[in-house]
1. If packing is taken as the average count of other Cβ atoms within 10 Å, what order do 183-190, 63-70 fall into, highest mean first?
2. So what are the ³J(HN,Hα) numbers for region 177-190, from phi and the Karplus equation (6.51, -1.76, 1.60; θ = phi - 60°), rounded to whole Hz, Gly and Pro as x?
3. Around D214, with a cut-off of 13 angstrom between Cβ atoms, what is the net charge of the other residues, counting Lys and Arg +1 and Asp and Glu -1?
4. Do any of K215/K235; K151/K198; K207/K261; K198/K261; K235/K270 go past 21 Å between their Cα atoms, and which?
5. Tell me, what is the Rg over Rh of region 206-278, with Rh the Kirkwood radius over Cα pairs?
Amino acid sequence: MEKLKKSVCIQEWGKDILADVLGALLYGAGVYVFAVNANFAPGGITGLAILVNHFFPFLPIGTLTVLINIPVILLCYAYLGKKYLVKSILSMAIIAFVLDVIYPHVPVYTGDPLLAALFAGVISGVGLALIYARGYCTGGSDFIIMAIRKKFPHLSVGSITLIIDGCIILAGGFVFGRVDAVLQGIVMTGASTVMIDKILYGTGSGKRITIITDKGQEVADAIGTQLHRGVSMMKVTGAYSGLEHTLLLVACSNSEGYRAKKLVYSIDEKALIMISPNDEVFGEGFKSPED
């Protein structure tokens, strides 16, 4: 049993290292091959390192990310814990090595700046997703965001990220003296975020539709026969009116969301419909739980 546990542990560490190396290579390609030469800064500590490198080109970007991360790590240690930080420091070290040792010997992209920003975001996003999927992070703004989130749980991760990344991207516009540098930073950060979400949460996203109606059975039958989707149904009571209604819950694909809304309102014009995104949907008619 002990040998089996050790073998599993070694396998997991092997997967972690492999994900780290592949993620770092892709992330480094996005940053060094596409972003640096195009003179713009994405969000995060890497973007800040690119700005500093612009003034002090003798300081490598990878080394700068590590130096900037040192005070961040010290400040955030109490909030994030030893295990999380140790795992993430390994990722930072591999990325720094890739940026400073490998990619300076690789030709950089010198074409269209907008394409550079787009491909920088896509490629770096895939690399970051590989690292995040193993429970690591790349330090920097990730540490700050999680620390702030623990200190102020009422703030959303998205709003904190927007403020931090936005400040760095705007600073890039002043440093490089171009409005386009801000736009390129936004494009890269946006493309990276989309790729991370698609890889981590899957491409099998869909819609969750909540319907409150007085014609529950009729609406449920129509959804079943015309959209071929199952419907969960329950009785609910309005707190203010005291009247009883039927609540329907439906999971469907993105393309079926609009059709479902039109179908419901063709039956009950007074229905209340709430349509929300589902990152992934498992079960009959969707993805297999084993995927």
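1. The densest-packed peptide leads the list: 183-190, 63-70.
2. Ordered by residue, 3J(HN,Hα) equals x, 9, 5, 4, 4, 5, 5, 5, x, 5, 4, 5, 5, x Hz.
3. -1
4. K151/K198; K198/K261
5. 0.95
Here, each number is a calculation from the coordinates, and none is a lab measurement. No experiment lies behind these values; they were computed from the predicted model shown. Please note: Cβ atoms are built from the backbone with ideal geometry, for glycine as well, and neighbour counts cover all protein chains shown.
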